[in-house]
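One structure below.
The values are calculated or read from the model by the stated rules, or taken from the named source; none is laboratory data. Nothing here was measured: the structure is a model prediction, and the numbers come from that model. Cβ placement follows ideal geometry from the backbone for every residue including glycine, while neighbour counts extend to all protein chains displayed. When the accessible area is computed, the model is the full protein with side chains, heavy atoms only, and any ligands, DNA or RNA have been set aside. Shrake-Rupley method; radii C 1.70, N 1.55, O 1.52, S 1.80 Å.
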Amino acid sequence: MSQMAHSSMGHDHMQMNGHGDMGSMDMGGGHMMHMGNLRRKFWVSLILTIPIILLSPMMGMRLPFQLTFPGSDWVVALIGSVLFFYGGAPFFSGAKAELAQKKPAMMTLITMGIGVAYVYSIYAVIANDALHVTPVVTDFFWELATLIDIMLLGHWIEMNTVMNAGSAVDSLSKLLPQTAHVIAADGSVQDVALRDLQVGQTVAVRAGEQIPADATILTGRSAINESLVTGESKAVTKAVGDAVIGGSVNGTGTFTAKVTGTGDSGYLAQVMDLIQNAKQAKSQSENLANRVAGYLFYAALFVGILAFIVWLNLTSLAVALPVAVAVFVIACPHALGLAVPLVVARSTALAAQNGLLIRNRDAMERVNQLKFALMDKTGTLTQGHFQVNHLLSLDAAYSETSVLQLMANLESGSSHPLATGILTAAKAAKLTVTAATETHQETGLGQFGTIDGTTYGVVAVSYLDQHHLAYDQAQFKTLAAEGNSISFLVAGERVLGLVAQGDQIKPHAQQMVAALKRRGITPVMLTGDNQETADKVAHAIGIEHVEARLLPEDKERLVHQYQAKGQVLFIGDGVNDAPSLARADVGMAIGSGTDVAIESADIILVASDPADVIRFLDLARATNRKMTENLWWGAGYNLIAIPLAAGVLAPIGFMLDPMVGAVVMSLSTIIVAINAMTLRLKRSAD
């Protein structure tokens, strides 16, 4: 992984199971198979398959390259037995768990197919080579071997998707420098390899360098470009006490910082965890594939037994038994086993390449049912970079400068966009910011702290209304109508001053809203900002439904209310919106950063571009379509072949020729693979 070799966040980071394997996955009914074991089983099984293909006929049809010699059938039986018990072990365990839950699915269907094929093939070898019965009994070792290989390959592809998606964030890992400037206790500076960097150490970051790890600034200040990590396009001013992200680019300033996260605890490692965890969630399409496999299991079992009884009564055991076995074996889901894994692998790779990190693939299945898109304003539809447009004193005892000074002192430890705007204004005014003491935050209302023995607060207008504090409402409406977010400075019951800050709408916000409407999804803005500002932003981008002056719990409540009318997509900045992201049918965090609610959102957009919302919807719908197509291809073969193998058309003289069945089975598998690879993410005009 390129420079990831210099960090503990390489592929070793994904070895979280304690077995040295690359992750693990559910093989059915809760039975877990580790990546290394699955990969090893596939390659060993594939090697064992080669002599079986060379020595054993395909569904009774001998191919030109196949060989026979005295005792070759016994060699095939021996190799087939090893392959059956070794390569089939994961499916036996999965089938056992499915049957224990009384929910036969893919593992049970596979086990039935390879079990019947193996037992009947051993019987065929004994009957042909030991008992010398006539006519010759056809064995199914060829089908047994190829089915085991394809099923192992399908599950390996599915698990390997984690690694493929993880490779897509290699570009993020390359942001990390190879070394860090560590400041020793005696003040000397030593360059150490990034893998040796430890939490708690102090590092020096020079102008223009990449920041080596997540850290907190101890001395100095600078403008940090975090765009390649968070997607935010503008440089963010950072000073003492501010957090910086490993991989972001330092501006012209220099600073020292205390390392807070390296390796597994750093931001990039969190992203890799995010991708790995995405594979642990079973998607609805996988469940659909399992349901289809369950139906095929019952269908094959019923048709096979019925065919055996009918043919036994019409002819003899010598005819009835091969017909029943053919039904069981032909139900083997070669194509069905690859239908979903191949699409998932392709879709996950496309998503990662386009900056879409899918934490919960269930979210992709819900896209077609979405009716509402509820979204936050600041940082989602707007840039989240505020500029102070108006600074007013509302108390004769306080000048505008002192109002700004007090607000900056209160906000010195905050990373909220409004706080950043105030601190930027204080810096421009060359004010010395001294952090307030006993600071605390009232969610959705404001920031409070003590300065020189007096408790002050930087609050929203909702705080004034709740506490019945008087203010000039006409003045407030005028400023808000200009698109400003208003913050007030209060002390007790006195309103001392205000700042009005403006934000900029993101370039593709309007296009995103229009595209949602074209897809039949109603956009709704939910914001903690004032009504006037919210209305102005909503009008500019084409949103008719607006809810303003909301607390985080209010947003969650509204998400719940809208869910009564239809499925809901919630788009937020992943910080204060975490409850809503968790509540929504599809939670999407736009603008991933250190504070993003990784445990709450289903989808993380690495960049903050609203166009990525539509890109995800397009990819999800294309993925769902491909999965459905592949399931039809995979199951369609079985739906036709099973009754034909049972002899349903025997009265008119037609029985499914084993050669035809083999060819159609192979073609259905190839079609499924090609169809999955044709999945594309088209750049729409929206």
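Does the stretch 408-461 hold any residues that are in a helix (DSSP H, G or I), among the hydrophobic types (A, V, I, L, M, F, W, C) and crowded, with 18+ Cβ neighbours inside 10 Å, and which are they? Result: Ala408, Leu410, Leu418, Ala419, Ile422, Leu423, Ala425, Ala426, Val461. Is it the case that Ile110 is open to solvent by 10 Å² or more (accessible area, probe 1.4 Å) and more than 28 Å from the chain's Cα centre (by Cα)? Against the criterion (open to solvent by 10 Å² or more (accessible area, probe 1.4 Å) and more than 28 Å from the chain's Cα centre (by Cα)), Ile110 does not qualify. Restricted to the stretch 467-500, and to residues there that are assigned to a helix (DSSP H, G or I) and within 45 Å of the chain's Cα centre (by Cα), the residue that is modelled with the lowest pLDDT is Ala481.
If you check Gln276 against the conditions, is it surrounded by fewer than 20 Cβ atoms within 10 Å (Cβ to Cβ), in contact with an Asp or Glu (Cβ under 9 Å, 6 or more places away or on another chain), of a type outside the set (Gly, Ala, Ser) and at pLDDT below 75? Steps first, please.
Numbers: surrounded by fewer than 20 Cβ atoms within 10 Å (Cβ to Cβ): yes; in contact with an Asp or Glu (Cβ under 9 Å, 6 or more places away or on another chain): no; of a type outside the set (Gly, Ala, Ser): yes; at pLDDT below 75: yes.
In short, no.
The residues in the stretch 493-509 that are open to solvent by 50 Å² or more (accessible area, probe 1.4 Å), in contact with a Leu (Cβ under 9 Å, 6 or more places away or on another chain) and within 24 Å of Ser608 (Cα to Cα) can be counted, and the count is 1. For the stretch 523-563, a residue qualifies if it is of a type in the set (Asp, Glu) and more than 22 Å from Glu442 (Cα to Cα), and the qualifying residues are Glu532, Asp535, Glu544.
The rows are residues; the columns are (1) more than 29 Å from Asp376 (Cα to Cα); (2) in contact (Cβ under 8 Å) with a residue 60 or more places away in the chain.
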position: His390; (1), (2): no, yes
position: Leu394; (1), (2): yes, yes
position: Glu400; (1), (2): yes, yes
position: Asn409; (1), (2): no, no
position: Pro417; (1), (2): no, yes
position: Ile422; (1), (2): no, yes
position: Ala425; (1), (2): no, yes
position: Glu442; (1), (2): no, no
position: Asp452; (1), (2): yes, no
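Restricting the stretch 230-268 to residues that are part of a strand (DSSP E or B) and open to solvent by 40 Å² or more (accessible area, probe 1.4 Å), which is modelled with the highest pLDDT? Within the stretch 230-268, the match that is modelled with the highest pLDDT is Lys258. Residues in the stretch 510-539 that are under 20 Å from Arg366 (Cβ atoms), out of contact with any strand residue (DSSP E or B) (no Cβ under 9 Å at 6 or more places or on another chain) and open to solvent by less than 50 Å² (accessible area, probe 1.4 Å): Ala515 only. Residues of the stretch 161-204 that are open to solvent by less than 70 Å² (accessible area, probe 1.4 Å), within 15 Å of Thr262 (Cα to Cα), modelled with pLDDT under 85 and not hydroxyl-bearing (Ser, Thr, Tyr): Leu172, Leu175, Leu176, Pro177, Leu194. What tally of residues in the stretch 371-407 results from selecting those that are within 30 Å of Val559 (Cβ to Cβ), at pLDDT 90 or above and open to solvent by less than 10 Å² (accessible area, probe 1.4 Å)? Residues in the stretch 371-407 being within 30 Å of Val559 (Cβ to Cβ), at pLDDT 90 or above and open to solvent by less than 10 Å² (accessible area, probe 1.4 Å): 3 in total. Against the conditions (1) aromatic (Phe, Trp, Tyr); (2) over 24 Å from Val343 (Cα atoms); (3) touching a residue at least 60 places away in the same chain (Cβ under 8 Å), where does Tyr123 fall short? Just the number, please. Checking Tyr123 against (1) aromatic (Phe, Trp, Tyr); (2) over 24 Å from Val343 (Cα atoms); (3) touching a residue at least 60 places away in the same chain (Cβ under 8 Å), the one that fails is (3). The sole residue among Glu599, Glu532, Glu553 that is over 24 Å from Ser487 (Cβ atoms), at pLDDT below 90 and either part of a helix (DSSP H, G or I) or of a type outside the set (Val, Ile, Thr) (or both) is Glu599. On the stretch given as the stretch 554-568, residues that are in contact (Cβ under 8 Å) with a residue 60 or more places away in the chain and in contact with a helix residue (DSSP H, G or I) (Cβ under 9 Å, 6 or more places away or on another chain) total 6. Among residues of the stretch 56-73 that are at pLDDT 75 or above, those with a Cβ under 8 angstrom from a residue that is open to solvent by 20 Å² or more (accessible area, probe 1.4 Å) and among the aromatic types (Phe, Trp, Tyr), sequence gap 6+ or separate chain, pair up as Ser56/Trp142.
Being under 30 Å from Ala582 (Cβ atoms) and either of a type in the set (Gly, Ala, Ser) or touching an Asp or Glu at 6+ places or on another chain (Cβ under 8 Å) (or both) is a property that Ala335 lacks.
Taking the conditions (1) of a type in the set (A, V, I, L, M, F, W, C); (2) without any contact (Cβ under 8 Å) to a residue 60 or more places away in the chain; (3) surrounded by 24 or more Cβ atoms within 10 Å (Cβ to Cβ) in turn, Met627 satisfies each one other than (2). The set of residues in the stretch 205-229 being surrounded by fewer than 18 Cβ atoms within 10 Å (Cβ to Cβ), at pLDDT 85 or above and among the hydrophobic types (A, V, I, L, M, F, W, C) consists of Leu218 alone.
Sub-7 Å Cβ pairs linking a first residue in the stretch 569-583 that is modelled with pLDDT of 80 or more and open to solvent by less than 10 Å² (accessible area, probe 1.4 Å) to a second residue that is assigned to a helix (DSSP H, G or I) and of a type in the set (A, V, I, L, M, F, W, C), at least 6 apart or interchain, are Phe570/Val559; Phe570/Leu581; Ile571/Val613; Gly572/Leu581; Ser580/Val559, ordered by first then second residue. Answer yes or no as to whether Ala307 is of a type in the set (Gly, Ala, Ser) and modelled with pLDDT of 80 or more. Answer is yes for this residue. Gly28 meets each of the listed conditions (1) of a type in the set (Gly, Ala, Ser); (2) open to solvent by less than 60 Å² (accessible area, probe 1.4 Å); (3) at pLDDT below 50 apart from (3).
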